[in-house]
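All remarks here apply to the structure that follows.
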Ligand SMILES: [Mn+2]
């Protein structure tokens, strides 16, 4: 075990000395290039002959428990604050070593058991990674279309980039496609600065792709532009799908994970796929955005993925992505949201009118949540043919994702407890010239619907309390 520890320490610039009782073993160690003192560690003379005051850490690893306890006592006598690590064979010896002041007592059987369990977890991930590879390899000849959800965010885009990279390693050509807009100025900066190859498509053209992957989206036609009957080969997501059955050759949906980019980083790592700095930067940004800088929904896997990516990241580009300038339209929308706000209890609702950049809505919803006394914000605006709503809540009683779903149906609304959104198509009203009146009607309908779901009682009670 001593030699094993020494080998592990080799990479670090640490000088070490062995103490070995057996002369022939000591000789072998010397031949391997180690410094060795010959002596019995249970003797005070052996230990005091060492330059103990200059030793920071002592590993006490002989197979003789009694000798180990004695060695520990001698060491602590010579240097009170020496850090000691010892191997112990059972709980009784562990207790005695700890009573004698050992800093860390390791039960090798338990350490081995832990390593075995970790190996099993790793094997499960590796198996999934190989399954993904197999599905990609077995695809028909031709292009793989990687469809990300409508108005994709950095998590969806970066994860799709990783999938593209994995497909490339087995010679499968792919294209990342989306519908909607990449609005939010940080997202625009993200795509531009990293020179991300992503294609906007309003209508699905089946002749263009022979295989399909749905990324950050699980069901064809729900928050993506695929027709509901499209055959999908791969589904990777980290959003709960509810009761709808997901159909694909390969499915990996992990709602407990903070970001899809984490799922993909784990695959890249396990498959040993080369990660260039653009991809690493994109993935780390995706994880950071989705976990709100590791403050929300963050798991050990997200942190591990971030640690893996960190040394590969282009930090200069990353900081440029994070400090883009605000577009005038975003500023205007923020202005409208502030001016048109209506407060009912702690609920703030604001209609910003017609927008081109619908990604300014969540920014406005975030921003207005900072207003004193406001716990829930809902901002809505109108593009050519759709009403977009963005909601935020810090009220523990309100699950804004459920509110959106219940108010507008699973087809149009959804999200998490603290942030959610809805897109409601205007249908026959999209041709209406009188947008002002249309927005008035929309506002009434939307507000009514939302308050029905949230429960007007609750709001009234709150208002009374304030009065
Ligand atoms: Mn995500």
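No value in this document is a laboratory result; all are computed from the given coordinates. Just so it is clear, the model here is predicted, and its values are computed rather than measured. We place every Cβ from the backbone using ideal geometry, glycine too, and count neighbours over all the protein chains shown.
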Report task. Can you tell me how much longer the chain between residue 35 and residue 128 gets when fully stretched, taken as 0.36 nm per residue apart minus their C-alpha distance, in nm with one decimal? Result -> 28.9 nm
**Report entry** Alpha-carbon centroid distance for the pair the range 284-299 / the range 123-143, whole angstrom
**Finding:** 27 Å
Requested in this report: Provide the gained length on full extension for the span residue 99 to residue 5, in nm with one decimal, where the gain is 0.36 nm per separating residue minus the Cα-Cα distance.
Outcome: 31.4 nm
Report task. Treat each spin label as a single point 7 Å out from the Cα along the C-beta direction, and report the residue 73 to residue 384 distance in nm. Result -> 8.7 nm
Query raised in the report: Which of 426, 441 comes first, and how do the rest follow, when ranked by fewest Cβ neighbours within 10 Å?
Result: 441, 426
Query raised in the report: Which ordering of 212, 343 is given by a fewest-first count of other beta-carbon atoms within 10 Å?
Result: 343, 212
Report summary line: The Cα extents of the chain along the principal axes, largest first and rounded to whole Å, are 98, 67, 41
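What is the packing order of peptides 329-336, 309-316, taking the mean over residues of other C-beta atoms within 10 Å and listing the highest first?
Ranking, from highest mean packing down: 329-336, 309-316.
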Query raised in the report: Taking the Cα atoms only, what angle lies between the long axis of helix 277-290 and the longest principal axis of the chain, rounded to 10 degrees?
Result: 70 degrees
Query - Degrees separating the helix 328-339 axis from the principal Cα axis of the chain, which is the longest one - result: 80 degrees
Requested in this report: Sticking with the crude label model, points 7 Å out along Cα→Cβ, report the distance from residue 66 to residue 343 in nm, one decimal please.
Outcome: 7.9 nm
Report task. Decide, for the range 125-322, between rounded, prolate and oblate: order the square roots of the alpha carbon gyration tensor eigenvalues as a ≥ b ≥ c, take rounded if a/c falls under 1.5, and otherwise choose prolate if a/b is larger than b/c, else oblate. Result -> rounded
Report summary line: One computes Rg over Rh for the range 124-236 from alpha-carbon atoms, with the Kirkwood Rh, and obtains 0.96
Query - Kirkwood-based shape ratio for the range 243-337, expressed as Rg/Rh from alpha carbons - result: 1.08
Query raised in the report: So for 46, 109, fewest C-beta neighbours within 10 Å to most, what's the order?
Result: 109, 46
Query - Euclidean distance between Cα centres, the range 1-40 to the range 181-255, Å - result: 57 Å
Requested in this report: Calculate the length of the line joining the C-alpha centroid of the range 320-390 to that of the range 53-87, in whole Å.
Outcome: 64 Å
Report task. Compute the distance in nm between two label points, each set 7 Å from the Cα along the Cα-to-Cβ direction, one at residue 310 and one at residue 55. Result -> 3.3 nm
Report task. Using just the alpha carbons, could you tell me how many Å³ per residue the convex hull of the range 328-466 encloses? Result -> 99 Å³
Report summary line: Taking a ≥ b ≥ c as the square roots of the eigenvalues of the Cα gyration tensor, with a/c under 1.5 meaning rounded and otherwise prolate when a/b exceeds b/c and oblate if not, the range 2-106 is rounded
